[in-house]
Amino acid sequence: MSKAERTRQFIIEQSAPIFNTKGLAATAMSDVMEVTKMAKGGLYGHFESKEALSHAVVDYNLSKLISKVGQAVGGAHTAKDKLFAFLDVFATPMQFPVEGGCPMLNFGTEADDTNPMIKKKVRETILSAQKRIVGIIEAGIASGELKASFDARTFSIKVMTMVEGGTLIGRVLETNSQMKVIVDMLKKEIEEEIT
């Protein structure tokens, strides 16, 4: 990695939590200058605009979440354990594994009517997560671990909708307790699908 690439990555990593916490519109380049200790000219030498930096930060935060999910699921062996691991990543909205909360929720809510490119990135991440859940369930059905009647697509939609809603409610109410109810309910449903 060249010095310029390292500096660019530093800017993204340092500003990612700010964008994820304050939002795309509310984060100012002065916020980025403060956290990176760089002058405005230095920042614009690496990103032509705040929008360009925003896109890089959204990619970074989404990839960080995808990586956390991948690590958790990758460490599990059975379909049940993989699904449980997936849910556990989202189980504590107040201690979310990406600083500032869930980037799918944060950026998706802000960009749904204002930024088609970021909306597309978030949509692709949600659909990819649903596809991952479907794949785990289908593999579990194929191995005989899960019932053939387990509706993978419906369950994947339910998981994503409930964990994202639970994340919002947990962060607004400043508690993990309601997400615990959701995760426990989804885990119980998985248990009922085991052969």
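Descriptive notes on the structure:
- Selection count where residues are without any contact (Cβ under 8 Å) to a residue 24 or more places away in the chain, surrounded by fewer than 12 Cβ atoms within 10 Å (Cβ to Cβ) and either of a type in the set (S, T, N, Q) or in a loop (DSSP other than H, G, I, E, B) (or both), scope region 176-195: 1
- Residue within region 114-134 that is farther than 29 Å from H77 by Cβ and assigned to a loop (DSSP other than H, G, I, E, B) present: yes
- Selected residue (criterion: farthest from the chain's Cα centre (by Cα)) from residues of region 9-47 that are closer than 20 Å to T114 by Cβ and not hydrophobic (A, V, I, L, M, F, W, C): D31
- Where a residue in region 14-28 is assigned to a helix (DSSP H, G or I) and its partner, wherever it lies, is charged (D, E, K, R), with Cβ under 8 Å and at least six apart: S15/D31; A16/K64; A16/E99; P17/E99; I18/D31; N20/E99; T21/E99; K22/D31
- Test: residue in region 165-175 that is touching a Lys or Arg at 6+ places or on another chain (Cβ under 7 Å) and surrounded by fewer than 17 Cβ atoms within 10 Å (Cβ to Cβ): no
- Among the numbered conditions (1) buried (at least 18 other Cβ atoms within 10 Å of the Cβ); (2) at pLDDT below 95; (3) in a helix (DSSP H, G or I), the only one that F84 does not meet is (2).
- Residue check for E110: under 30 Å from M179 (Cα atoms), acidic (D, E), at pLDDT below 95 and surrounded by 15 or more Cβ atoms within 10 Å (Cβ to Cβ): yes
- Breaking point among (1) touching a Lys or Arg at 6+ places or on another chain (Cβ under 9 Å); (2) of a type outside the set (S, T, Y); (3) in a helix (DSSP H, G or I), for A76: (3)
The values are calculated or read from the model by the stated rules, or taken from the named source; none is laboratory data. On a predicted model such as this, the values are computed, not experimentally measured, just so you know. Cβ coordinates were reconstructed from backbone atoms using ideal geometry, including for glycine residues, and neighbour counts include every protein chain displayed.
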